[in-house]
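To start, the structure itself, in structure tokens.
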Amino acid sequence: MELSALQKVRYTYKPKLPRILSGAVTDIAVQLGKPTESIADQAALKALFKETYGKPLATFAPGKNAAIGRKLSVAVILSGGQAPGGHNVIAGLYDGLKKGNPDSKLIGLKGGPSGLIDNKSVEITAAMMDAYRNTGGFDMIGSGRTKIETPEQFAASLENATKLGLDAVVIIGGDDSNTNAALLAEYFLSKGSKIQVIGCPKTIDGDLKNEHIEISFGFDTAVKTYSELIGNIERDANSAKKYWHFIKLMGRSASHITLECALQTQPNICFISEEVEARKLSLGQVVDQICDAVVKRADNKENFGVVLIPEGLVEFIPEMKKLIEELNDVMADKETEFAELENFHAQTDWLVTQLSDPSAYLFTSLPAEIAKELLMDRDPHGNVQVSRIETEKLLMGMTAGKLKDLKKAGTYKGSFSALGHFFGYEGRCAFPSNFDADYCYSLGFSAFVLIASGLTGYLSSVKNLTAPADRWVAGGVPLTMMMNMEHRHGSDKPVIKKALVELEGKPFKTFAAERETWAVTTSFVYPGAIQYYGPAEICDQPTITLKLEKS
């Protein structure tokens with residue numbers, strides 16, 4: 001395979017580590033704090049996690065650790081969607097294991113959690129590892145979205161882990177994947193097995209974070225990749241001066257990506273789903289906000305601009321959320337009846353009789369192509385696949401219609417031409433930034449220390465991330481500490497709570513203080529491409545969000 005020049009050089013990059021992880025591994029002691037509690041639903045979670053609930057926080061400090069040099073056999077799983085830096089988590093884990101004992105083995109479980117259920121594995125060798133250092137993607141061992149949830153799947157996981165002679169399993173994933181890790185750790189202990197389970201916090205969406213997990217890996221690279229693209233479009237808009245660009249960004253459940261990209265690029269308009277929900281904005285009010293900026297900019301002879309839209313926006317607009325919920329219920333309860341309808345017109349006529357009056361009115365008022373997307377193939381749980389809804393096109397069409405009315409009324413004299421974009425997959429497998437390369441390597445190395453020290457049911461943690469890497473603080477957080485109970489698919493289930501954008505937080509308030517200016521005055525910022533070599537203030541900086549949160 002032909003390699004790019006950057007790929008060749010990138011293989012040789014040496015990720016930076018926290019000082020405590022940089023010396024002899026036998027000099028890394030694990031200090032345990034007081035017992036912990038979950039963030040909510042303590043009694044219910046304590047009953048579910050009889051073996052692992054209430055574990056103490058773990059931090060690393062100088063001291064002797066004789067156990068760390070024992071021979072280990074560890075398996076690693078990449079779970080869920082791709083995120084830049086996953087290969088470096090594996091590299092940090094691999095190097096830690098080999099530094100602890102050269103005879104230790106790292107096994108890659110192929111295709112995500114199903115690799116454990118179906119016993120599909122490969123031993124990771126030095127040559128194999130070196131071919132993936134500091135690279136994006138999850139192609140080294142593949143990923144998957146299988147959840148280990150049935151009694152048969154749990155039993156198969158234990159049987160196969162035992163057959164492989166494993167001492168531990170490391171699950172690299174987001175909130176759902178690490179909830180799975182917590183359940184697996186509990187199951188192994190309940191069956192008398194000493195096989196440990198450790199998680200690593202991954203998701204470009206940035207919604208797996210708390211006081212102990214300052215950021216999930218991949219977020220830094222993804223938002224810098226998207227911000228470069230947005231900046232390029234802003235420069236083009238300011239050059240051509242004739243298009244409004246509507247840009248949808250990944251992030252269904254939380255708007256962290258959109259907020260960070262707004263802070264980096266200063267677009268004219270940016271919606272934060274959490275604010276839209278809190279203010280109970282209707283779809284019409286969202287469109288009104290766009291039209292207000294378009295009219296004001298037209299008055300300044302600037303018939304161009306950039307609008308940022310989070311992927312999950314429609315689910316946060318109360319009337320749209322209600323419509324989607326009703327569609328899910330109707331199409332689940334009357335699936336056969338719906339399937340017999342011959343075309344979209346017949347489906348619409350039938351749905352109007354099934355939906356509440358407000359939802360029926362909203363459905364029939366949507367552009368036909370958007371309404372059709374609401375009726376497309378459902379996800380495995382029978383729900384609307386919101387990520388397929390072209391929200392950018394919905395808002396473009398509704399904005400154009402409203403501006404036409406304003407032009408007739410004589411209150412708008414500009415011109416409006418819109419282009420739509422969706423930035424998502426462009427950022428999931430990018431070359432990791434120096435920050436993510438370093439952070440991921442540190443997470444993997446920390447996972448090794450947790451395993452070698454005999455811990456299970458923990459998430460690898462690296463904190464103090466706005467400081468230089470040698471001052472980062474490594475350790476582990478009990479997975480049950482981050483959990484609550486949520487009603488999902490008809491029953492209450494334990495889950496790691498998603499972190500949404502905090503409207504009282506400094507990142508959102510910083511954005512909110514500037515957005516009225518950005519709406520009217522062209523204030524674009526052009527971040528440019530991610531830099532891998534050069535001064536630390538250019539190459540190693542964390543996101544604006546993280547710096548504001550920790551300032």
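The values are calculated or read from the model by the stated rules, or taken from the named source; none is laboratory data. Quantities reported herein were computed from a predicted structural model and do not represent experimental measurements. Because the Cβ atoms are built from the backbone with ideal geometry, glycine has one as well, and the counts that use them run over all protein chains shown.
Miscellaneous remarks
- A single member of LEU106, LEU78 is free of Cβ contacts under 8 Å to residues at least 40 places away in the same chain and outside any helix (DSSP H, G or I), and it is LEU106.
- Failed condition for ALA467, given (1) closer than 21 Å to PHE435 by Cβ; (2) surrounded by 14 or more Cβ atoms within 10 Å (Cβ to Cβ): (2)
- Remark: pairs (first residue in the stretch 348-359, within 13 Å of LYS334 (Cα to Cα); second residue β-branched (Val, Ile, Thr) and not in a helix (DSSP H, G or I); Cβ separation under 9 Å; 6+ apart in sequence or on different chains) are absent.
- Residue check, ALA536 surrounded by 12 or more Cβ atoms within 10 Å (Cβ to Cβ), within 22 Å of ILE215 (Cβ to Cβ) and small (Gly, Ala, Ser): no
- The residues of the stretch 116-131 that are out of contact with any helix residue (DSSP H, G or I) (no Cβ under 9 Å at 6 or more places or on another chain) and either farther than 23 Å from ARG10 by Cβ or surrounded by 22 or more Cβ atoms within 10 Å (Cβ to Cβ) (or both) amount to a single one, GLU123.
- Any hit, the stretch 379-389, residues being touching an Asp or Glu at 6+ places or on another chain (Cβ under 7 Å), surrounded by 15 or more Cβ atoms within 10 Å (Cβ to Cβ), touching a residue at least 24 places away in the same chain (Cβ under 8 Å) and of a type outside the set (Ser, Thr, Tyr): yes
- Residue that is farthest from the chain's Cα centre (by Cα) [pool: residues in the stretch 501-524 that are assigned to a loop (DSSP other than H, G, I, E, B) and surrounded by fewer than 17 Cβ atoms within 10 Å (Cβ to Cβ)]: THR521
- Taking residues in the stretch 449-474 that are within 15 Å of PRO15 (Cβ to Cβ) and modelled with pLDDT of 95 or more, and partners anywhere that are basic (Lys, Arg) and part of a loop (DSSP other than H, G, I, E, B), the pairs with Cβ atoms closer than 7 Å and at least 6 places apart or on different chains are ALA469/LYS16; ASP470/LYS16.
- Which numbered condition LYS98 fails, given (1) within 18 Å of THR179 (Cβ to Cβ); (2) in contact with a Ser or Thr (Cβ under 7 Å, 6 or more places away or on another chain): (1)
- THR203 meets the conditions (1) surrounded by fewer than 24 Cβ atoms within 10 Å (Cβ to Cβ); (2) within 17 Å of the chain's Cα centre (by Cα) in every case but one. The failed one is (1).
- ALA83 vs. criteria among the aliphatic types (A, V, I, L, M), surrounded by fewer than 19 Cβ atoms within 10 Å (Cβ to Cβ) and touching a residue at least 40 places away in the same chain (Cβ under 8 Å): no
- Of all residues in the stretch 513-532, those that are without any contact (Cβ under 8 Å) to a residue 40 or more places away in the chain and either in contact with a strand residue (DSSP E or B) (Cβ under 6 Å, 6 or more places away or on another chain) or hydrophobic (A, V, I, L, M, F, W, C) (or both) total 1.
- Lone qualifier among VAL89, VAL9, VAL76 - being within 27 Å of GLY192 (Cα to Cα) and aliphatic (A, V, I, L, M): VAL76
- For the stretch 96-106, the set of residues classified as closer than 19 Å to SER460 by Cβ and surrounded by fewer than 22 Cβ atoms within 10 Å (Cβ to Cβ) consists of LYS98, LYS99, SER104, listed by residue number.
- For GLU211: the one exception among (1) at pLDDT 95 or above; (2) surrounded by fewer than 24 Cβ atoms within 10 Å (Cβ to Cβ); (3) not small (Gly, Ala, Ser): (1)
- Candidates in the stretch 145-175 are the residues that are in contact with a strand residue (DSSP E or B) (Cβ under 7 Å, 6 or more places away or on another chain) and outside any loop (DSSP other than H, G, I, E, B); of these, the one that is farthest from ILE117 (Cα to Cα) is ASP175.
- Residue check, ALA254 closer than 23 Å to CYS440 by Cα, among the small types (Gly, Ala, Ser) and out of contact with any Ser or Thr (no Cβ under 6 Å at 6 or more places or on another chain): yes
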